Amino acid sequence: MSISGKKIIVTVIGVLFLMIFMIFPLLSLGEHEHGSHQERKDTGASPLIEEMIKLDAVFRDVVSGVAMGDGKRVHEALETMHGTMEKTHEGVHHGTVVLRKNAGRLNEFIARDKQFHEKLEQLAHAAHGNDQNAMVALTKELLDGCVSCHRDFRQP
């Protein structure tokens, strides 16, 4: 195996590690805070929570697709995110999205969310072209953004 191939594998393993780091906090959410998927639909959960749930599922497919070199799978997973940012931002405007940590930094949150979704679009473009190196780099960058945003805006 070439050095380039080993580097991609090491990077993918690093991305998978970050994915686990990102998912465990979501899995530990208590029923009292977010409930089951069915309960969320019935109670009209925050658009931000709905986006995070969808993003969790999308990144499971993205990480697997990137690891397997399957740009089509990555692209198809990302297509399901269309419209989520707009719903979240509309929720911010209407007061249905409230940051539980650093609420005074709402404008920063919105700017970071827009940048995040721009990176999702870049990943979709890389996936459409099955550009392995770009998919790995963008996935890592996106997951780093998830961890950073959770540190800044989500209570433990």
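Read-outs: derived from the displayed coordinates by stated rules, not from any lab. Here the structure is a predicted model, which means the values were calculated and not measured.
Numerical summary
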| quantity | calculated |
| --- | --- |
| Extended-chain gain in nm, criterion 0.36 nm per residue less alpha-carbon gap, Lys119 and Asp56 | 21.1 nm |
| Length released on extending from Ala111 to Glu90, taking residue separation times 0.36 nm less the Cα-Cα span | 6.2 nm |
